[in-house]
Amino acid sequence: MILAIQPEETVRSFVERTLFIKGKRSSEEVFRNFPNSPSRADILALAEVLGWPGCYGLNKILHTHTNYPFTAVFKNSQDISYSGNEYISHSGCYDSNRKPSGFCPVCVAEDNERLGFSFWRRAHCFKLKVCAEHNVELVKRCPVCDKQFSHGGHDLGVMWKACEGRHLKDSPVTLNTDPFELKKAQIFTDILSFTHHLSEEAVLAVLNGKIHQDGVFEQKIWNSESDRHLGDKIERRLGIVKRARSVNRLPPDEPTDFIIQAIAETYEIFADFVSDVKAYGDEMRPIDSLWSTYIAGHQESTHFVEENYKHGVGDWSCPFPAKEVWGMWDWRPVYYPCCNFERPKRKGPQPKRVKNAPPGIYRQQ
Ligand SMILES: [Zn+2]
Ligand SMILES: [Zn+2]
């Protein structure tokens with residue numbers, strides 16, 4: 001029997017809570033062997049244990065229990081995958097135990113009232129300083145011994161035990177007095193729980209317009225080098241995204257920190273930003289509509305596979321064939337070791353063997 005993962009609970013909190021409650025010996029292997037810096041394969045194995053298999057399951061856990069939405073909510077309109085090629089890549093690292101966790105003492109006390117226990121929330125294990133719901137300062141170090149909640153300090157199990165006899169739910173509460181920190185926390189929380197993808201081009205165009213129209217921000221920009229840099233960055237990225245769309249190419253990925261920072265600097269609430277983005281006219285796609293699809297490869301065009309669990313097959317598509325070739329591409333023919341009886345002989349550049357096949361697709365019973 002698997003414990004239920006709580007809404008907003010981090011992956012690491014769920015793993016450590018399971019190990020604490022069931023004991024190391026009686027916990028399933030995926031919990032016992034969960035590494036300090038989990039890779040995509042570890043997250044996928046955990047999703048499977050929760051009953052969420054395949055590409056859909058990986059994206060469901062990324063979206064609901066990690067901070068991946070900060071990346072994925074802002075989505076290029078020609079990308080029909082939730083997390084690009086994460087499902088078949090080997091590079092990702094999520095929720096490392098080196099990143100410090102934190103908690104809101106009011107949330108923890110309320111959880112204890114309601115559930116009899118608490119857990120670590122994703123928004124509180126991020127760089128925010130305030131709980132968006134209670135406007136109190138997040139606690140990032142143990143109030144008893146001053147250790148951080150990360151590797152080398154307390155492990156997350158301290159939430160269910162105590163430190164020197166004192167429970168975290170009894171930690172002192174400090175009200176936040178910085179309105180910007182509260183607004184930031186609210187915007188970040190709204191992004192995490194937002195139900196649709198926002199078109200990256202629309203987001204950048206709206207922010208660019210706002211920065212240039214808004215006299216207050218423009219004045220601020222002149223006074224601050226970092227804000228000036230933010231304005232330049234938005235304008236530059238908007239150019240790249242528009243050009244890429246005009247030739248049906250996905251632009252290279254870029255971290256979205258500057259977008260979120262610009263929203264927090266120019267809007268009071270996230271809902272106002274969303275209505276401006278809607279007015280731009282790009283389609284708003286529901287978040288879970290892209291969970292089954294991953295990027296299977298880039299040649300000059302992007303190729304997608306949508307896993308179809310009813311039939312247990314993958315539907316391949318290339319919905320936006322590139323209109324022109326950018327840069328150098330490897331045009332050597334490929335050969336399939338399973339189907340070609342003999343490697344084709346040719347002069348000049350030699351054919352290359354196809355890489356690993358995409359993962360198999362489970363079929364719902
Ligand atoms: Zn709280
Ligand atoms: Zn402590």
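Values for this structure:
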| read-out | value |
| --- | --- |
| Candidate set from the range 150-184 (those that are in contact with a helix residue (DSSP H, G or I) (Cβ under 8 Å, 6 or more places away or on another chain) and within 30 Å of GLU265 (Cα to Cα)); member that is nearest to ligand 2 (Cβ to nearest atom) | VAL173 |
| Selected residue [aliphatic (A, V, I, L, M), buried (at least 16 other Cβ atoms within 10 Å of the Cβ) and more than 30 Å from TRP316 (Cβ to Cβ)] from VAL130, VAL73 | VAL130 |
| Failed item in (1) in contact (Cβ under 8 Å) with a residue 24 or more places away in the chain; (2) of a type in the set (Lys, Arg); (3) within 16 Å of ligand 1 (Cβ to nearest atom), with LYS60 passing the rest | (3) |
| Of residues in the range 160-183 being in a loop (DSSP other than H, G, I, E, B) and among the hydrophobic types (A, V, I, L, M, F, W, C), the one nearest to ligand 1 (Cβ to nearest atom) | VAL173 |
| Test for GLU268: is it charged (D, E, K, R) and under 22 Å from the mean Cα position of the chain (by Cα) | no |
| Residue satisfying all of: in the range 46-59; part of a helix (DSSP H, G or I) and surrounded by fewer than 19 Cβ atoms within 10 Å (Cβ to Cβ); nearest to the chain's Cα centre (by Cα) among these | GLU48 |
| Qualifying residue in the range 143-159 (condition: away from ligand 1 (no atom under 16 Å from the Cβ), loosely packed, with under 14 Cβ neighbours inside 10 Å and among the polar types (S, T, N, Q)) | no |
| Subset tally (residues that are of a type outside the set (A, V, I, L, M, F, W, C) and within 16 Å of ligand 2 (Cβ to nearest atom)) for the range 98-117 | 4 |
| The range 118-142, residues that are within 19 Å of the chain's Cα centre (by Cα) and within 16 Å of ligand 2 (Cβ to nearest atom) | TRP120 |
| Failed item, numbered, when HIS167 is tested on (1) buried (at least 17 other Cβ atoms within 10 Å of the Cβ); (2) under 29 Å from ASP253 (Cα atoms); (3) without any contact (Cβ under 8 Å) to a residue 12 or more places away in the chain | (2) |
| Tally of residues being within 16 Å of ligand 1 (Cβ to nearest atom), polar (S, T, N, Q) and surrounded by 18 or more Cβ atoms within 10 Å (Cβ to Cβ) across the range 76-114 | 1 |
| ARG12 buried (at least 20 other Cβ atoms within 10 Å of the Cβ), in a helix (DSSP H, G or I) and not aromatic (Phe, Trp, Tyr) | yes |
| Near pairs, Cβ below 9 angstrom, 6+ apart or cross-chain, from the range 189-203 (in contact (Cβ under 8 Å) with a residue 60 or more places away in the chain) to any residue that is hydroxyl-bearing (Ser, Thr, Tyr) and buried (at least 21 other Cβ atoms within 10 Å of the Cβ) | HIS197/TYR82 |
| Flag for ASN67 being under 19 Å from the mean Cα position of the chain (by Cα), within 30 Å of GLY314 (Cβ to Cβ) and outside any helix (DSSP H, G or I) | yes |
| CYS145 vs. criteria within 16 Å of ligand 2 (Cβ to nearest atom) and either in a loop (DSSP other than H, G, I, E, B) or at pLDDT 95 or above (or both) | yes |
| Failed criterion for GLN186 (all others in (1) farther than 27 Å from THR18 by Cβ; (2) within 16 Å of ligand 1 (Cβ to nearest atom); (3) part of a loop (DSSP other than H, G, I, E, B) hold) | (3) |
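The values are calculated or read from the model by the stated rules, or taken from the named source; none is laboratory data. Fair warning: this is a prediction, and the values are worked out from it, not measured in the lab. Note that we place each Cβ from the backbone using ideal geometry, even for glycine, and neighbour counts take in every protein chain shown.
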